[in-house]
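Participant: Below: one structure in structure tokens.
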Amino acid sequence: MAAPAAAASPDFNILLATDSYKVTHFKQYPPNTSKIYSYFECRKGKSDEFKEIVFFGLQYILKKYLSGSVVTEEKIQQAKQIYHLHFKHSIFHEKGWRYILTKHNGHLPIRIKAIPEGSIIARGNVLFTVENTDPDCFWLTNYIETTLVQVWYPITVATISREFKKIIALYLRKTTGSLDNLEFKLHDFGYRGVSSQESAALGGAAHLVNFQSTDTVAGLVLAQQFYNCQMAGFSIPAAEHSTIIAWGRSREKDAFEHLLQQFPSTPISVVSDSYDIFNACRQIWGGDLKENVQRRNKDSVLVIRPDSGDPVKTAIEVLRILDEIFGSTPNSLGYKTLPAFIRLFLGDAISLCSIGEILLALKNEQWSTENIAFGCGGALLQKLNRDTLNCCYKCSYVEQNGKGLDVYKQPVTDPAKCSKKGRLILRRNPDGIIETVEEGKGNPEEDLLVAVFENGNILQDYTLDEIREKAKLHQPVDLYGPEQKRELPFKIC
């Protein structure tokens, strides 16, 4: 069933959204070519890092950039002028683009089939395929590669976010016996650390596939506009260093007390390391303001945030001080839990590497994971690239003179870069494992790839709720094998 009508951004020019050399490729294919068929995958890695990925973000790209009448006379003239100046020759395929304008009313004659968004799939499998639907537009399939391959970013963020979730789920289950509040254990702090507003929006929304905790407002807006989610994530009032040091060093206690007064019935997160985190915990929170803190409850919890130093050592020492002052009780598994009115939040130097080390150290000190939550910025939204998951887009099938031909690359210098050949089907084999096979070697009715775009029209419209359901953890216990053999999933420092 077709999705509601969508139209790409009017100020975006798809003719200019490609690598320069692709502008010349319509002249390079063999004569009488009528079909170019390409696919996108995250190639298998050379180590244990990220064995599976979360597919997310293609719907945003299709809606924002490819849907509707994206070719206009004005855009053709703009591209003609820019490419003439750029190449210093008349190389631009004006005839081809004007054909799309007149024959297809500016709609791209392209068909895209993709695995449903939110799907968890092993690397090395086809994630979506692209082919032209008009034989005169065979050159278009790979012209739009540049735009489509940018889906690597939300895929990679969603995948990294889910790996965080696996680690937290592992320790939450080991130290509490449940996964309560798992979706609020990793907060997105990445807005200021990314390269653009769009990166913040797309990366922020990708994180929200796995969690519901964020300060990246742009991600909320994207989820609302492109994934039909009224409110995808939540936050609480929180201090930053400027709101603390503005009181002066001698009035740090006054700053803390003021925050408790301003937010008496909601949770409040207070950065407490402006001067001396240990003094703040012992003398101010645990001394001057102890009664104020104890009057709060789980609905108005005070969240203390260290923001510097070695995260493992700092977390253990802060918890020790808070235990000494406010006490703790063993939960059903015997791990210590602070009173419901006070918790700890770490948001500095958090990565897939450090979060496992922190949680392991706390577990070894008999602290329950329910005492702590985390914030992550650069390591979540920015410390990654297209090669993190080896994302690529390759041609695997062509038609020339009415005959089909399976094509592929097979570089002798790097077997890992060998590409797939032929038209592809994604299926679940008799053992239940998802695998990619060539058309003809699998039943087309078993194909897990779904038509999502055809001739400028969006054919599927996934909601964030549907995506979250697909991406949820199904086996959160011992995700990485026996603890004594492998406590962390991998290193990515």
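Participant: Dividing the alpha-carbon Rg of the stretch 203-256 by 2.2 N^0.38 Å yields what? All intermediate terms of the calculation are to be shown ahead of the outcome.
Facilitator: Numbers: Rg = 16.2 Å, N = 54, 2.2 N^0.38 = 10.0 Å.
So the stretch 203-256 has a normalised radius of gyration of 1.61.
Participant: Moving on to the next point. From the convex hull of the Cα coordinates of the chain, what is the mean projected area in square nanometres? Can you show the working numbers first?
Facilitator: Details: hull surface 108.4 nm².
The directionally averaged projection comes out at 27.1 nm².
Participant: Counting only C-alpha contacts under 8 Å and six or more residues apart, can you give the relative contact order of the stretch 331-472 as a whole percent? Don't skip to the answer; put the middle values down first.
Facilitator: On the way: 137 pairs, mean separation 18.3, N = 142.
Once divided by the residue count of the stretch 331-472, the mean separation gives 13 percent.
Participant: Given a cut-off of 20 Å, what percent of all Cα-Cα pairs of the stretch 324-461 lie beyond it? Provide the component values of the computation, followed by the final result.
Facilitator: Numbers: 6758 of 9453 pairs.
Here the long-distance tail beyond 20 Å is 71 percent of all Cα pairs in the stretch 324-461.
Participant: Residues with amide H under 5 Å of Gln460's amide H, sequence separation 5 or more or different chain, H placed in the peptide plane at 1.01 Å from N; which?
Facilitator: The list, which skips near neighbours in sequence, is Ala3.
Participant: What translational diffusion coefficient, in µm²/s and rounded to a whole number, does the Stokes-Einstein relation yield for the stretch 140-282 at 37 °C and a viscosity of 0.692 mPa s, taking the hydrodynamic radius as the Kirkwood radius over Cα pairs? Write out the running numbers ahead of the final one.
Facilitator: Values: Rh = 17.7 Å.
In µm²/s, the coefficient is 185.
Participant: Order of 102-112, 231-241 by packing, highest average Cβ count within 10 Å first?
Facilitator: On the way: 102-112: 18.7, 231-241: 16.4.
So the peptides 102-112, 231-241, ranked by packing, come out 102-112, 231-241.
Participant: Considering only DSSP beta bridges whose two residues both sit in the chain, what percent are antiparallel, to the nearest 5? Walk me through the numbers before you get to the answer.
Facilitator: Working: 39 of 56 bridges.
Counting only bridges with both partners in the chain, antiparallel ones make up about 70 percent.
Participant: So for the stretch 303-347, what percent of the C-alpha to C-alpha distances run longer than 14 Å? If you can, show how the numbers build up before the last one.
Facilitator: Details: 487 of 990 pairs.
Within the stretch 303-347, distances greater than 14 Å cover 49 percent of Cα pairs.
Participant: Sequence gap at least 6, Cα distance under 8 Å: using those rules, report the relative contact order of the stretch 287-394 to the nearest whole percent.
Facilitator: Values: 122 pairs, mean separation 30.2, N = 108.
Normalised by residue count, the contact order of the stretch 287-394 is 28 percent.
Participant: Applying a 10 Å radius around every beta-carbon, put 319-325, 302-308, 268-274 in order of their mean neighbour count, most first.
Facilitator: Working: 319-325: 17.3, 302-308: 20.0, 268-274: 22.7.
Final packing ranking: 268-274, 302-308, 319-325.
Participant: Between Val157, Ile110, Ala8, whose Cα lies farthest towards the positive end of the dipole of the stretch 8-164 when Lys and Arg beta carbons carry +1 and Asp and Glu beta carbons carry -1, centred on the Cα centre?
Facilitator: Ile110
Participant: Please calculate how many Å² of accessible area the stretch 135-203 carries per residue, with a 1.4 Å probe and no DNA, RNA or ligand atoms counted. Kindly include the intermediate steps, with their values, before the conclusion.
Facilitator: On the way: 2100 Å² over 69 residues.
About 30 Å² of surface per residue is accessible.
Participant: Given the rule -39500 (n - 2.57) for each run of at least 4 DSSP H residues, summed and divided by the residues of the chain, what is its mean residue ellipticity at 222 nm, to the nearest 500 deg cm²/dmol? If you can, show how the numbers build up before the last one.
Facilitator: Numbers: 15 runs with 147 residues, N = 493.
Computed ellipticity for the chain at 222 nm equals -8500 deg cm²/dmol.
Participant: Determine the relative contact order of the chain: mean sequence separation of Cα pairs under 8 Å and six or more apart, normalised by residue count, in whole percent.
Facilitator: Numbers: 977 pairs, mean separation 113.7, N = 493.
Across the chain, relative contact order equals 23 percent.
Participant: Which Rg and Dmax, in Å, describe the Cα atoms of the stretch 203-348?
Facilitator: Expressed in Å, the Cα Rg and Dmax of the stretch 203-348 come to 16.8, 49.
Participant: Next up: Using amide H atoms built in the peptide plane, which far-off residues or other-chain residues are under 5 Å from Lys35 H to H?
Facilitator: So Lys35 has HN proximity to Glu399.
Participant: Let me ask something else about it. Holding the Cα-Cα limit at 23 Å, pick out from Lys253/Lys290; Lys22/Lys51; Lys298/Lys470; Lys166/Lys420 the pairs that are longer than that. Walk me through the numbers on the way to the answer.
Facilitator: Numbers: Lys253/Lys290 11 Å; Lys22/Lys51 32 Å; Lys298/Lys470 31 Å; Lys166/Lys420 31 Å.
Lys22/Lys51; Lys298/Lys470; Lys166/Lys420, as the Cα separations exceed 23 Å there.
Participant: Something else now. Nearest 10 degrees, 0 to 90: what angle lies between the long axis of helix 252-262 and the longest principal axis of the chain (Cα atoms)?
Facilitator: That works out to roughly 70 degrees.
Participant: Return the tail of the calculated pair distribution for the stretch 1-93, meaning the percent of Cα-Cα pairs more than 22 Å apart. Show your work: numbers first, answer last.
Facilitator: On the way: 2241 of 4278 pairs.
Everything past 22 Å amounts to 52 percent.
Participant: Got a sec to turn the phi values of the stretch 417-429 into Karplus ³J(HN,Hα) couplings, 6.51 cos²θ - 1.76 cosθ + 1.60 with θ = phi - 60°, whole Hz, x for Gly and Pro?
Facilitator: Residue by residue, the stretch 417-429 yields 9, 4, 9, 6, 10, x, 6, 10, 10, 9, 9, 9, 6 Hz.
Participant: Please sort by residue number the trypsin sites (Lys or Arg not before Pro) in the stretch 1-82 whose DSSP state is loop and whose Cβ has at most 16 other Cβ atoms within 10 Å. All intermediate terms of the calculation are to be shown ahead of the outcome.
Facilitator: Details: sites: Lys22, Lys27, Lys35, Arg43, Lys44, Lys46, Lys51, Lys63, Lys64, Lys75, Lys80; in loops: Arg43, Lys44, Lys46, Lys51.
Passing both the DSSP loop test and the Cβ count: Lys44, Lys46, Lys51.
Participant: While we're here: Under a point-charge model restricted to the Cβ atoms of Lys and Arg (+1) and Asp and Glu (-1), what is the dipole moment magnitude of the chain relative to its Cα centre, in debye to the nearest 20? Write down the numbers at each step before the final one.
Facilitator: Values: 57 positive and 57 negative charges, 205 e Å.
With only Lys, Arg, Asp and Glu charged at Cβ, the dipole is about 980 debye.
Participant: Report, to the nearest whole %, how much of the accessible area of the stretch 61-212 belongs to carbon and sulfur atoms, 1.4 Å probe, protein only.
Facilitator: Working: 2570 of 5150 Å².
Using a 1.4 Å probe with all protein chains present, the stretch 61-212 comes out at 50 percent carbon and sulfur.
The values are calculated or read from the model by the stated rules, or taken from the named source; none is laboratory data. This structure is a prediction, so every number in the text was calculated from the model and none was measured. Neighbour counts are summed over all protein chains in view; Cβ atoms, including those assigned to glycine, are modelled from backbone coordinates with ideal geometry. With ligands, DNA and RNA removed, areas are computed over all heavy atoms of the protein, side chains included. Shrake-Rupley method; radii C 1.70, N 1.55, O 1.52, S 1.80 Å.
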